[in-house]
Amino acid sequence: MKILLVYPHYPDTFWSFSHALKFISKKAAFPPLGLLTIATMLPKKWEKKLVDMNVTTLKDEGLKWADYVFISAMVVQGDSVKEVIARCKKLNTKVVAGGPLFTTGYEEFDGIDHFVLGEAEITLPPFLEDLEKGCAQHIYTSDERPDIRETPIPLWSLINMKKYSSMNIQYSRGCPFNCEFCDIIILNGHKPRTKNGDQIVAELDALYSLGWRAGVFIVDDNFIGNKKKLKAETLPAIIEWMEEKKFPFAFNTEASINLADDEELMQLMVRAGFNTVFVGIETPNEESLVECNKFTNINRDLVDSVRKIQNYGLEVQGGFIVGFDSDPISIFKNQINFIQKSGIVTAMVGLLNAPRGTRLYQRLKKENRLLKTFTGDNTDCSLNFIPKMNYETLINGYKHILNTIYSPKPYYERVKTLLKEYKPQKRKARPQVHFYHIKAFFKSIWFLGIKEKGRRYYWKLLASTLLRQPRSFPLSISLAVYGFHFRKIVEKYISVPTGNDPVLEQSEPNG
């Protein structure tokens, strides 16, 4: 059996980092971890190839070669998925589809021969068994949650690691919280399931043995969902391995804001090599936090919590949302003020949307407020529901936030605020410096220090960093480059016409 695993194209968004990746001559931020894991779960005797459309071209020759094309994708990749399906159908190549996009919305796709939905550890084996017998069904699904301690190491040999800026691994699935707008508990459950320390070390060993010496993103939606196991087993195992290997990786992950309440956990994470965490701040408006059930963020000084995490040596990247029913008109100004005061440089501000199956989706459906299908990109100025706030006020206010926080002056001010508060741990191991890092530095001088209008802020940042925080100079360059990417994305979104009030154009009131 010949299997072609295809990862569809990811559009140009805040999360693609496409404009920043050009500085270091990389094609994509991360490889398709799900497909690489699926590849390991397929019979060893099968021939396997992988095409990540974000780093290489999907050719008809590859589609003709394959007996089956396996596709996995997220919602934001929907348009590319449909193109791939159409090409497969034209060439009479059978398609097997799975992953988040299809698990929550498989009904929207025609031309798929077999859907393997939910978590593959449960649904893939019966599909493979039926396929071997020649009686494969159209849909395989299950609500059962697998023990991910049985999940195999991804088949890294299918990719060219040099095309990516970071590798990724998974430690846990599921989240103990239940935010109204989030579909994580639909996909992965409410109770966190974790791998054991030996497993994680084995996965790190696999990357190390292949020569990887750079960033590793732990993709968990809430890495600290099981704090007890992290502190007792997982982080000590990572620390021991990292010390033995002289810290070849730098880790980043996602965590909830209550990380700030656990000093021991923060210390262990930094000792293990973590330097960045993405935290869902969402909004400084308490009423909106109550509305969306974000109880971990309520009754706390959010700026102080962010500052505390950064004081421990973990740069905080933040997720923010506008468009809650409880948002006042002042929310746009308040979001800007919070972001600037907190020193969160990478502030991902999005419009509230309702992914299919979420509690928000169900509530809005009952209220007859649902519109078109969610694009999967909450930063593209699109809404899939009728907001309580005036539509034009919301969209224009959102654009104002983006245009403000990513303009050179406020952006570089946040970088300076972060560098004052960020206290990375000193290590005996020398940081890995590659030629592409040096190349990126000179590219930044050309694009940010000479060509860009806000170049004076770039030079001020470099000068102040060298004088006051010289150890943070590489970080300051990286953040400056990120800013270039964000401004390019903002330019695209700001140019999108606001459009008409969706109340007047409602075409799919029931979703």
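Between Leu4, Leu58, which is farther than 26 Å from Glu132 by Cα and either among the polar types (S, T, N, Q) or touching a residue at least 12 places away in the same chain (Cβ under 8 Å) (or both)?
Details: Leu4 fails: farther than 26 Å from Glu132 by Cα.
Residue meeting the stated conditions: Leu58.
Set side by side, the residues Lys409, Lys416 differ, and just one is within 28 Å of the chain's Cα centre (by Cα) and surrounded by fewer than 15 Cβ atoms within 10 Å (Cβ to Cβ), which is Lys409. Meeting the requirement of 1 or more residues that are under 21 Å from Val277 (Cβ atoms) and not charged (D, E, K, R), the helices (runs of 4 or more DSSP H) wholly within segment 342-440 are 391-405, 408-421.
Return a yes/no flag: does segment 172-180 have any residue that is touching a strand residue (DSSP E or B) at 6+ places or on another chain (Cβ under 9 Å) and part of a helix (DSSP H, G or I). No: zero hits. When the criteria are applied in full, Lys191 meets the requirement of being charged (D, E, K, R) and either part of a loop (DSSP other than H, G, I, E, B) or touching a strand residue (DSSP E or B) at 6+ places or on another chain (Cβ under 8 Å) (or both).
Given the criterion farther than 26 Å from Leu289 by Cβ and touching a residue at least 24 places away in the same chain (Cβ under 8 Å), identify the matching residue among Tyr436, Tyr398, Tyr406, Tyr391.
Values: Tyr398 fails: farther than 26 Å from Leu289 by Cβ; Tyr406 fails: farther than 26 Å from Leu289 by Cβ; Tyr391 fails: farther than 26 Å from Leu289 by Cβ.
Among Tyr436, Tyr398, Tyr406, Tyr391, only Tyr436 is farther than 26 Å from Leu289 by Cβ and touching a residue at least 24 places away in the same chain (Cβ under 8 Å).
When Ser472, Ser507, Ser444 are screened for being modelled with pLDDT under 95 and part of a helix (DSSP H, G or I), only Ser472 passes.
Kindly establish whether Asn196 is polar (S, T, N, Q), touching a Ser or Thr at 6+ places or on another chain (Cβ under 6 Å) and under 14 Å from Ser172 (Cβ atoms). No; evaluated as a whole, the condition is false for this residue.
So that you can scan it fast, the table gives a plain yes or no per residue for (1) surrounded by fewer than 16 Cβ atoms within 10 Å (Cβ to Cβ); (2) within 27 Å of Phe181 (Cβ to Cβ); (3) at pLDDT below 95:
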{"site": "Ile218", "(1), (2), (3)": "no, yes, no"}
{"site": "Ile238", "(1), (2), (3)": "no, no, no"}
{"site": "Glu264", "(1), (2), (3)": "yes, no, no"}
{"site": "Ile298", "(1), (2), (3)": "yes, yes, no"}
{"site": "Leu314", "(1), (2), (3)": "no, yes, no"}
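If you go through segment 16-52 and keep only what is under 17 Å from Met167 (Cα atoms) and aliphatic (A, V, I, L, M), you end up with Ala20, Leu21, Ile24, Ala28, Ala29, Leu33, Leu35, Leu36, Ile38, Ala39, Leu50, Val51.
Of the listed requirements (1) at pLDDT 85 or above; (2) farther than 22 Å from Ala20 by Cα, Pro497 misses just one: (1). Looking across Asn353, Asn403, Asn378, Asn396, one residue alone is on the phi < 0 side of the Ramachandran plot and at pLDDT below 95. It is Asn378.
Could you say whether any residue in segment 282-291 is within 22 Å of the chain's Cα centre (by Cα), in contact (Cβ under 8 Å) with a residue 24 or more places away in the chain and more than 23 Å from Thr253 (Cα to Cα)? No, segment 282-291 has no match at all. Restricting segment 319-337 to residues that are in contact with a strand residue (DSSP E or B) (Cβ under 7 Å, 6 or more places away or on another chain) and outside any helix (DSSP H, G or I), the residue that is nearest to Asn384 (Cα to Cα) is Gly323. Here Gly211 clears all of (1) under 29 Å from Met53 (Cβ atoms); (2) crowded, with 16+ Cβ neighbours inside 10 Å except the condition numbered (2).
Within segment 161-205, being surrounded by 20 or more Cβ atoms within 10 Å (Cβ to Cβ) and of a type in the set (Asp, Glu) holds for Asp183, Glu203. Listed by first and then second residue, the pairs linking a residue in segment 329-342 that is assigned by TED's automatic domain parsing to the domain that holds Gly280 to a residue that is of a type in the set (Gly, Ala, Ser), with Cβ atoms under 8 Å apart and 6 or more places separating them unless they lie on different chains, are Ile329/Gly397; Ile331/Ser288; Ile331/Gly397; Phe332/Gly397; Ile339/Gly318; Ile339/Ala347; Ser342/Gly318.
The values are calculated or read from the model by the stated rules, or taken from the named source; none is laboratory data. Because the structure is a prediction, the values reported are computed rather than measured. So basically every Cβ, Gly included, is an ideal-geometry build from the backbone, and we count neighbours across all protein chains shown.
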